Every structure is written in C-alpha cells, then in structure tokens.
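One structure is given here, and the rest of the page talks about it.
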Amino acid sequence: MERHYQKMQRFYAQEGGAPIVQQEFGFYSLDRWRREGHLCGDTNLNELFGFDAQAKFELGGLGWCEAAFLPAFEERVLEDRGEHELVQDCAGRSVLCFKGRRSGFMPEYVDHPVKDLRTWEENVRWRLDPDAPGRLDNMEERMQPYLAQAQRGGIICQNVIGGYMYLRSLIGPADLLYRFYDDPQLIPACMESWLALADRITAAHQAYLPLDELFLAEDICYNHGLLISPDMMREFLFPYYQQLIANTRRRNRGKPLHLQIDTDGHCQPAIPLYQELGMDYLSPFEVASGCDVVALRRQYPDLLMRGGIDKRILAQGPAAIDAELDRIMPFMVSRGGYIPCCDHGVPEEVSFENYLHYRKRMAEY
C-alpha cells in the first residue's frame, strides 16, 4: 500500500506514534503570497509544503452548507444598492454582497426560502426529490474512480449536509428557533425529505462499495457552545440521524463505519451528544472559541480529531509557533488519531515565512 494510504489508515486506527497525515484545512493567504512573489501560477503546494497525496475520497450529491437542490435556485441580482447588491443564491436565500464579490467573505443573509408549510411545498420540497432527473444518472461511470481508490486502500467517505445546517439554510438561524416551537409540522416535514434524499443517495453509492466514513457538515456550535439545546437536537434531529446511520451500517457489508461531525465554534458541549449516535471523529476544533485539542484528547481519549492549530499564532512568528507546536504535537502524536491543521483556512495575516516555518516543524512529526 502506498505511504499516504498507510498514514491515513493508521490515523483511523488511532495508532500512537505513527507519522501524522500532513494536510491543511484551506488557504485565504495565497493571493498575498503570490503578490509577494513566493508563489507562481504552477506552484505545487503539496510539494512546497510537504503535504501528503490525497488518501480520502469524498462522495457528494448530498450538499454541504446548502441542501442538494435539483434544480438549484436561479442565481440573480434582486436589487442594486450601490456598492452592494442583493442577490438570490443557489439555495434561494437573499444575500447582501459587495458588488462583484460574492465569495471569499461572509455575506449578510437577508431572507430564506422557507417561512411555513406553504413556502416549503412551493419553493423547496420538490427540489429534494430523490428521483429528480439527473440525480442518479451514469452511476456506473461516476463510481469507477472510487472503486479504484478503494481497491488501493483509499478511504471512502459520504458527505452529507447535517440536519441543523440544512434547516438553517432553509429557514435562517433566528427564525428556525421560533419554528421549533411555533410550527410543529414544518420541521418534521423538512427532515423527512432530508432523510429520504440522504438515504437514497447513500444506498446508491453503497450498491457499488462500502463506506469508511459518514460525514455530517453540521456547524451547530458558536463561540460559547450549542446554537440549539440538547433537547431540541434529540427531538428534531437525532431520530433522522439514527435512521440514516442504521441504514448505512446495515448496507455496509460488515465494514466498520466512522461517523464524523464537522462543527465550528465551541464544540465541547456537542461531543457527548453526538457520541450517543456513535460519533467517533470531530473537526475542526476552533481555538478562538476555546477548543484545546490536548485538553479534549485527555477527556475523550478515543475521539479521532482533525484541526486545532490556532491560525492566529501562525501570524505571530517562529517563537510563538514553536511554543504552540511543542505544547500540542508530542502529546497528540503519542496518542494517535490526530490530523493537525488550521482550525479554518490560513488567513492573509500569516506571512509566507511563518507558514513555511510551521510546515518545516510539522515535517519533524
């Protein structure tokens, strides 16, 4: 088995002392580094920074931060506001953006497509039809690359938009909290469609090969903890998660299935809740919200972890970087089951020299 596949397999086995998987969450710093002459158009970041080749392969079709609408909403300008424009995005939301810049920053979310059962039926439900033309076309051809990677030892993961992220994208984070109380029929209707689509697509993929991981993009925490209560999670989300997980495990041909939850913010209150579902992998441990991977590993010794490197420290210089890595890495490497990377994309404030120093230190592990 190739080295990068072996490293990823050893991560999932939580093998203490194993060489770490070398990767990064993402970058917002590349434009600065190009302006300063450190990168050119054909620079290979994997070679430059010592990243491992891809060993995990993600099956899509079930959304990420927005639901997997088919068809998606038409993207169009709703209103010109001078330096800004109000835009309808692919998820049917009205978002306020800088004119000519719809990505790379957080827009203001002005409106969402679901207000009640009527708008759910008229605007959204039919866009989540599992049998929509095109959703399952050419599956034999589409699955061939994944079959080849699985045979070589690659990790196969099914990505799914989590229930909270899904509901928030439909209704909006504030209005959603009212709907839990004021519209008891709406949330189950939305979640039944979530489950029907997720189960159908996952089953279609599993007809070709078993999965190694089920990944829920959830983002259910903010800087002080959960955005909805544990009771709300258990009532409105968990029954649908439990059914999807049970169905996926039953179809998995006896192969163990890891469950990863992705959430920003202060995730510690979420850990025991998702462990009720069988969650054994969490990311990305946002340091600015109080997440400390060393403390959390001591509390949850069997939890697979990815992230937890403070991007703000990377901007401070070699001495601060060394102190943080010397605090984190020896302990985490000794325990295994940890992939270090920034808790989000490397920001523009991080100089190329600082990041290169960080990567050289990571190479030691």
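Bear in mind these aren't lab numbers, they're just calculated from the coordinates by the rules spelled out. Please read these numbers as outputs of a predicted model, since none were measured by experiment. Neighbour counts are summed over all protein chains in view; Cβ atoms, including those assigned to glycine, are modelled from backbone coordinates with ideal geometry.
Find which of Leu117, Gln275, Gly41 sits farthest along the positive direction of the dipole of the chain, computed with +1 on the beta-carbon of Lys and Arg, -1 on that of Asp and Glu, about the Cα centre. Of the candidates, Gln275 comes out farthest on the positive side.
Please compute the net charge surrounding Gly16, taking Lys and Arg as +1 and Asp and Glu as -1 over other residues with Cβ under 15 Å from its Cβ. Kindly include the intermediate steps, with their values, before the conclusion.
On the way: positive: Lys7, Arg10, Arg297, Arg298, Arg335; negative: Glu15, Asp302.
Summing Lys/Arg as +1 and Asp/Glu as -1 gives +3.
Here's the list of lysines a cross-link from Lys56 could span, going by alpha-carbon distance under 26 Å and ignoring same-chain residues fewer than 8 apart: Lys7, Lys255, Lys311, Lys360. Relative to the longest principal Cα axis of the chain, at what angle does helix 3-12 sit, 0 to 90 degrees, rounded to 10? So the inclination is approximately 70 degrees.
The amide H of Tyr222, built 1.01 Å from its N in the peptide plane, has Leu227, His266 as neighbours under 5 Å, considering only residues 5 or more places off or on other chains.
When the Gaussian network model of the chain links Cα atoms closer than 10 Å, the mean-square fluctuations of Gly100, Gly265, Gly254 top out at Gly100. What angle, in degrees between 0 and 90 and rounded to the nearest 10, separates the Cα long axis of helix 318-335 from the longest principal axis of the Cα atoms of the chain? Helix 318-335 sits at roughly 80 degrees to that axis.
For the stretch 106-227, what does the alpha-carbon gyration tensor say about shape, rounded, prolate or oblate, given a ≥ b ≥ c as the root eigenvalues, a/c under 1.5 as rounded, and a/b over b/c as prolate?
prolate
Between the residues Asn354, Pro107, Gly92, the greatest Cα displacement towards the positive end of the dipole of the chain, with unit charges on the Cβ of Lys, Arg, Asp and Glu, is found for Asn354. By DSSP, the beta bridges lying fully in the chain are antiparallel in about 40 percent of cases.
Rounded to the nearest 20, the Cβ-based charge dipole of the chain about its Cα centre (Lys and Arg +1, Asp and Glu -1) stands at 1020 debye. The modelled label-to-label distance between Ala132 and Arg249, using points 7 Å beyond Cα along the C-beta direction, is 3.1 nm. Name the shape class, rounded, prolate or oblate, that the alpha-carbon gyration tensor gives for the stretch 122-166, where a ≥ b ≥ c are the square roots of its eigenvalues, rounded holds for a/c under 1.5, and otherwise prolate holds if a/b is larger than b/c and oblate otherwise. Taking the square roots of the gyration eigenvalues as a ≥ b ≥ c, the stretch 122-166 is oblate.
How do Trp194, Trp120 line up, fewest other C-beta atoms within 10 Å first?
Trp120, Trp194
Sorting Phe98, Phe51 by the number of Cβ atoms found within 10 Å of their own Cβ, with the fewest placed first, yields Phe98, Phe51.
Mind running the shape call on the stretch 293-365? Use the C-alpha gyration tensor, a ≥ b ≥ c as the square roots of the eigenvalues: rounded below 1.5 for a/c, prolate if a/b tops b/c, oblate otherwise.
Working: a/c = 2.23, a/b = 1.79, b/c = 1.25.
Taking the square roots of the gyration eigenvalues as a ≥ b ≥ c, the stretch 293-365 is prolate.
Ellipticity at 222 nm from helices only: DSSP H runs of n ≥ 4 in the chain, each -39500 (n - 2.57), divided by the residue count, give -11000 deg cm²/dmol. Backbone geometry of the stretch 204-214 corresponds, through the Karplus equation with coefficients 6.51, -1.76 and 1.60 at θ = phi - 60°, to 3J(HN,Hα) couplings of 4, 6, 5, 5, 9, 6, x, 9, 9, 8, 10 Hz, x marking Gly and Pro.
If R0 is taken as 56 Å, the Cβ-Cβ distance between Arg3 and Glu121 corresponds to a FRET efficiency of 0.60. Note that the chain carries a Kirkwood radius of 22.0 Å, evaluated over its alpha carbons pair by pair.
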